[in-house]
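Just below is one structure, and these are the notes that go with it.
The values are calculated or read from the model by the stated rules, or taken from the named source; none is laboratory data. Because the structure is a prediction, the values reported are computed rather than measured. We place every Cβ from the backbone using ideal geometry, glycine too, and count neighbours over all the protein chains shown. Please note that ligands, DNA and RNA were not included when accessible areas were found on the heavy atoms of the full protein model with its side chains. Shrake-Rupley method; radii C 1.70, N 1.55, O 1.52, S 1.80 Å.
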Amino acid sequence: MRVDIIAGKHSIYAAIKNPERSGLKLIATREGHEAFHAEFRDIQSYKHKYELVLLDKNAFEKEWADALQDNGHQYLRCPSDIFLISPERIAYDVAWIYAELKQERKLKILCLDSLTDVHNGAAIIRTAAFFGMDAIVTSSKGIFSISPHFYRISSGGLEYTKLIRPSSLPAFIQKLQESNVYCVGLSDHATQTDDPPSQNSSICLVIGAEDKGISNAVLRILQHTICLEGPGMLKTLNASVAAALAMERFCFFKM
């Protein structure tokens, strides 16, 4: 059985509180556990959700290294001398979105098209949780991995939104557009700077890869592409910064 190895105190805290997770094992040194407990005092209320394993420093380091190796992750130092092992959180079925739209619920959806950098992916998902995005939709292949490093950077963001991986991202976006969802992609080559849609519309914001942007297969489907314009001489932005600006512009309203 595949597991999620969750590093970073805020991500561990969010995962323990997530009602969709169970069967958790919290592994720590005594010092790491005391520091975690001191920072998140209400974690005492969730002790029934996890098994606590306290180890000395050497045993902890071996347990961490073995967990990474067994699950195909590259080695990195474990921050704060504490980590969480959870049964893998399976992506939601794409049918959830279609059912919500059929019930005329207004959704805020973020699509990540072939985004490969774990730092950008984790930062974007953290920001998406801040803006209350309903779902994160990613390509089924060629996307950043959900690794312990990802969990540390995302600070628990993945616990507050639904992750969905359709078999075909272009087909998914096409179906959204046929359901009157306003789908808009960020592109350095776009000439339009569309205003946000009315608050009566569901919206899907599409972010492309760091180097190549949105794939041609998705671009051919999208009815709207925009560029973000700034007053300065530099005209390009890091993917995570561009995503944050776009979410603030298009998705920061009550639906």
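Find, among the trypsin sites (Lys or Arg not before Pro) in region 104-168, those assigned to loop by DSSP (not H, G, I, E, B) with at most 12 other beta-carbon atoms within 10 angstrom. In loop regions of region 104-168 (DSSP not H, G, I, E or B), the sparsely surrounded trypsin sites (Lys or Arg not before Pro) are Arg105, Lys141.
Among the chymotrypsin sites (Phe, Trp or Tyr not before Pro) within region 4-95, those in coil by DSSP and having at most 11 neighbouring Cβ atoms inside 10 Å are Tyr75. Working from label points 7 Å from Cα in the Cα-to-Cβ sense, the Asn180 to Ala95 distance is 2.5 nm. Estimated from helical segments only, the mean residue ellipticity of the chain at 222 nm is -10000 deg cm²/dmol, where each DSSP H run of four or more residues counts as -39500 (n - 2.57). Accessible area ranking (1.4 Å probe, heavy atoms, ligands and nucleic acids excluded), largest first, for His73, His10, His48: His48, His10, His73.
Helix 30-39 axis versus longest C-alpha principal axis of the chain: approximately 50°, rounded to the nearest ten.
Cysteines of the chain lacking any other cysteine Cβ under 4.7 Å from their own Cβ: Cys78, Cys111, Cys227, Cys251.
Helix 118-130 and the longest principal axis of the Cα set of the chain meet at an angle near 80°. Rounded to the nearest Hz, the phi-derived 3J(HN,Hα) couplings of region 13-22 under the Karplus curve 6.51 cos²θ - 1.76 cosθ + 1.60 (θ = phi - 60°) are 4, 5, 5, 5, 6, 5, x, 7, 9, 8, where x marks glycine and proline.
Computed from point charges on the beta carbon alone (+1 for Lys and Arg, -1 for Asp and Glu), the dipole magnitude for the chain about its Cα centre is near 380 Debye. Length gained on full extension, Asp42 to Lys102: 17.7 nm, using 0.36 nm per residue less the C-alpha separation.
Most simply put, the chain has about 30% antiparallel DSSP beta bridges, counting only bridges with both residues inside it.
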